[in-house]
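Here's the structure, in structure tokens; my notes come after.
Values quoted throughout were computed directly from the atomic coordinates according to the rules given, and no laboratory measurement underlies them. Given the structure is predicted, the values throughout are model-derived calculations rather than measurements. All Cβ positions, glycine included, derive from the backbone under ideal geometry; neighbour counts span all protein chains shown.
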Amino acid sequence: MSRMWVAVAVGLMVTAAGVAVADNLASSKQVDFFAPGKHQFYVWCGSGHDYTAVERGRSAEDAQMRLYNEVKAKGSPACWPVWQGKVTG
């Protein structure tokens, strides 16, 4: 019976550690989204000619709109940039 309680306690500790790591990663992504700098996007196009791109901005949202306007100006209004993360450098 005591082995079962040890197994349960170890299982709970592993679960708690996993939740803490996931929470930290989510928090880091949220900070990156609102941070200025280079942001990477997957540009999804209805035509099927998807690609990745990097754009600078005051935040991911600002960079996304800059990239969208560039894509639209090049004649591809059916494409939409989807944020992938902040790029260092």
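For segment 36-50, backbone phi angles converted through the Karplus equation (6.51, -1.76, 1.60; θ = phi - 60°) give residue-by-residue couplings of x, x, 8, 10, 9, 10, 9, 8, 8, 10, x, 6, x, 8, 6 Hz, Gly and Pro being listed as x.
Quick check: net charge around Q40, other residues with Cβ under 13 Å of its Cβ, Lys/Arg +1 and Asp/Glu -1?
On the way: positive: K29, K38, R56, K86; negative: D32, E55.
Combined, the nearby Lys, Arg, Asp and Glu give +2.
Taking the number of Cβ atoms within 10 Å of each Cβ as an exposure proxy, the fewest-first ranking of S47, S59, S28 is S47, S28, S59. Taken over the Cα atoms of segment 35-89, the convex hull encloses 63 Å³ per residue.
Kindly put C45, C79 in sequence by how many other C-beta atoms sit within 10 Å of each C-beta, fewest to most. Working shown, then result.
Working: C45 14, C79 20.
Placing the least packed residue first, the sequence is C45, C79.
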